Amino acid sequence: VQLVESGGGLVQAGGSLRLSCAASGRTFNSYTMGWFRQAPGEEREFVAAVRWSDGSTYYSDSVKGRFTISRDNAKNTVYLQMNSLKPEDTAVYYCNADLEAYNGTYYPLGSWGQGTQVTVSS
C-alpha cells in the first residue's frame, strides 16, 4: 500500500486546513483508515478514523467537534478537514490504511505515508 499525504501548512489559530491521503495498492472496502499525529518529543497519537465500507467515523476527544474525516471511494482518498485549529494541533500528520479498534482507541497496523507538517501559530 502506498500513501501520499498532502495539504499541511502554516495557519493562524482559529484557521482551517484540509489534509488529503491518496492511497493505492489494494482495495480498501474491508478496512478502517485514519490519521495520526506526532508533535516534537511526543508519541504518535490517534486523531480520527473512517470505516471504508460504510463511512462510520471515530475521533479522539482532543479533536472531536473540530475535525471531520471523510473518504472518497472513487479516488481512494481520505480527507481530514481541520477547523478551529489550536497551537496544540501543531504536529506532523500521518495517514494509515489499516487501523484496528481496541480498548476505546485505534491502533495502526499498516504502513505510513511520509507525513505532512501542520503548524498553528498563536
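The values are calculated or read from the model by the stated rules, or taken from the named source; none is laboratory data. None of these values were measured; they are calculated from a predicted model. No Cβ is skipped: glycine too gets one built from the backbone with ideal geometry, and neighbour counts run over all protein chains shown. Accessible surface areas use protein heavy atoms only, side chains included; no ligands, DNA or RNA. Shrake-Rupley method; radii C 1.70, N 1.55, O 1.52, S 1.80 Å.
List of remarks:
- Magnitude of the charge dipole for the chain, about its Cα centre and with charges confined to Cβ atoms of Lys, Arg (+1) and Asp, Glu (-1), is about 320 debye.
- Hydrodynamic radius of the chain per Kirkwood, over alpha carbon pairs, in Å: 14.2
- Selection from Cys95, Ser6, Ala49 lying farthest towards where the dipole of the chain points positive, charges on Cβ: Ser6
- Solvent exposure of segment 41-83 as accessible area per residue, Å², 1.4 Å probe: 52
- Accessible area of the chain belonging to carbon and sulfur atoms, whole % at 1.4 Å probe: 45
- Whether segment 1-71 is rounded, prolate or oblate, judged on the alpha carbon gyration tensor where a/c under 1.5 counts as rounded: prolate
- One chain, two ends: Gln12 and Glu43. Fully extended at 0.36 nm per residue, the span grows by 8.8 nm beyond their Cα-Cα distance.
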